[in-house]
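Step one of this worksheet: look at the structure below.
Coordinate-derived values only; no laboratory data. None of these values were measured; they are calculated from a predicted model. Cβ placement follows ideal geometry from the backbone for every residue including glycine, while neighbour counts extend to all protein chains displayed.
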Amino acid sequence: VANVDVVFTFTLGGASKEYTQRVIVGWDTVRAAKDIEEQEASAVTWDTIKGENAAADSVTSDLTLPQYAGTAYGDSLAKISWESSNPDVVSLKENGDSWDYEPYTGVVTKPEADTDVTLTATFTFKKDESCTVKKQFSITVKGYSEEEIEQKKAEMLAELNEKYTDGLLKDFTTQEALDRENVTGDIQLPIPSRLGLVNKEVTVSSSNADVVTINGYRAAVVCPFGEDAQVDLIVTLTRGSISVEKRIPLTVKAIDEAEIDREIKLMEAAKAAYFDGINNGAN
C-alpha cells in the first residue's frame with residue numbers, strides 16, 4: 001500500500017485547472033497471489049514437511065510444518081499457517097518464540113487403525129491479509145497392528161492398576177480410607193496428576209448412577225432402600241484411540257427401618273421447635 005499525490009487536470013473549453021489529491025493505492029492482490037502460488041506454495045512440498053517419514057501414505061512420526069518458504073522470513077511474501085482435519089491424530093505444536101517463526105511440529109498420535117488426514121497450509125500475504133493461497137497435503141497415518149494394540153493395552157492397564165489403587169478411595173467427610181464393603185456416604189476420588197497420571201486421560205464412571213454419581217473428584221452416594229447395592233466404579237485410562245479400564249467394586253449399604261424412624265423423629269422434633277428457634281423468646 002502506498003500514499004501517492006495524484007494531480008488531476010480538469011479541462012472545459014479553453015480553460016483548465018489542476019487539483020492535487022493524496023490517494024491510497026492498494027496492493028495488486030491478484031498478482032501477489034500468483035507470485036505466492038508460483039514462488040512459495042510450490043516450494044512447500046511433501047519433502048519439505050515429511051520429517052523422518054518416508055512416504056505420505058505411511059506416516060508414523062512427527063512432521064515439520066514451516067511458517068515461511070525460502071531461507072528467511074523477512075524475504076518471504078507470505079506467512080504460513082496450518083490446519084489439521086483430524087487434530088486427534090495430527091495436532092499442531094508451536095515452537096520457539098513468535099518472532100522466531102520456527103516451524104510448527106505436526107505431532108502424530110498413532111491411531112488404532114490407518115487414518116487419512118488432510119493438512120491445509122494457508123499462505124497469507126504479509127502486506128494484505130485478505131490475500132491468501134491454500135495448499136493441501138493428504139497423508140495416511142499408520143495405525144497399530146493387533147499385536148501392538150494388545151501390548152499397549154497391557155502396559156496401560158498395568159500402569160493403571162499400579163497407580164490408581166483401590167486403597168486411595170476415601171470417605172469424603174472423614175477423609176479416612178474407604179471401607180468399600182460398607183459405603184454409607186460420599187467418596188473422595190484421587191486426583192490422577194498426584195498419582196503420576198494425566199488428569200484428562202483418566203475418567204471415572206459408575207455402573208449404577210441411581211446409587212453413585214460422579215461429580216469431578218467426588219462420588220455422590222444415595223443409599224438404597226431395602227437391600228444393599230453392588231456398584232462398580234469404572235476407572236478408564238485413554239491415550240489416543242486406545243482405552244483400558246479397571247473396576248472397583250463397592251457395597252453401598254441400604255437404609256434400614258430403624259434409621260428411617262430416627263430421621264422421622266428428628267424431623268418432627270425440628271418442626272416442633274421451629275417457632276421457638278426463630279422467635280428466640282421475642283414473642
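Some points to look at:
- Net charge of the neighbourhood of GLU83, taken over other residues with C-beta under 12 Å away and scored Lys/Arg +1, Asp/Glu -1, is +2.
- Inter-label distance, nm, simple model (7 Å from Cα along the C-beta direction), GLU245/ASP88: 1.6
- Model label points for ALA273 and TYR19, set 7 angstrom from Cα along the Cα-to-Cβ axis, are 9.4 nm apart.
- Stretched out straight at 0.36 nm per residue, the stretch from LEU157 to LEU12 would grow longer than its current Cα-Cα span by 43.1 nm.
- Here the gap between ASP232 and ASP261, fully extended at 0.36 nm per residue and compared with their Cα-Cα distance, gives a gain of 7.5 nm.
- Distance histogram in 5 Å bins (all Cα pairs of the stretch 187-283, percent per bin): 2, 11, 15, 15, 12, 10, 8, 7, 7, 6, 4, 2, 1, 0
- A Förster radius of 51 Å combined with the Cβ-Cβ distance from GLU147 to SER207 puts the calculated FRET efficiency at roughly 0.95.
- Radius of gyration over Kirkwood radius for the stretch 64-210, both on Cα atoms: the Rg/Rh ratio is 1.18.
- Less than 5 angstrom separates the built amide H of THR64 from those of LYS50, GLY51, GLY106, all sequence-distant by 5 or more or on a different chain.
- With 10 Å bins beginning at zero, the pair-distance distribution over Cα atoms of the stretch 1-69 amounts to 16, 22, 19, 14, 11, 9, 7, 3 %.
- Among LEU169, VAL198, GLY74 - extreme Cα towards positive end, dipole of the chain, charges at beta-carbon: GLY74
- Rounded to the nearest 20 debye, the dipole size of the chain about its Cα centre is 1120 debye, using +1 on the Cβ of Lys and Arg and -1 on the Cβ of Asp and Glu.
- According to the Cα-based calculation, Rg over Rh for the stretch 120-207 is 1.31, with Rh computed by the Kirkwood formula.
- Under 12 Å, Cβ to Cβ, from ASP114 - net charge with Lys/Arg +1 and Asp/Glu -1: -1
- Among the listed pairs LYS93/LYS163; LYS110/LYS153; LYS34/LYS126, a Cα-Cα separation exceeding 19 Å is found for LYS93/LYS163.
- Per-selection metrics, the stretch 98-171 (Cα): Rg and Dmax in Å: 21.3, 63
- Relative to the dominant Cα principal axis of the chain, helix 146-163 is inclined by about 50°.
- Estimated translational D of the chain in µm²/s (Stokes, Kirkwood radius over Cα pairs; 20 °C; 1.002 mPa s): 83
- GNM top mover of ASP57, ASP116, ASP97 - the chain, alpha-carbon springs below 10 Å: ASP97
- Environment charge of PHE123, counting only residues whose C-beta is closer than 13 Å and scoring Lys/Arg +1, Asp/Glu -1: -1
- Degrees, to the nearest 10: 257-272 long Cα axis against longest axis of the chain: 80
- Considering only GLN188, ALA158, PRO87, and ranking their Cα positions along the charge dipole of the chain that arises from unit charges at the beta-carbon of Lys, Arg, Asp and Glu, the one farthest toward the positive end is PRO87.
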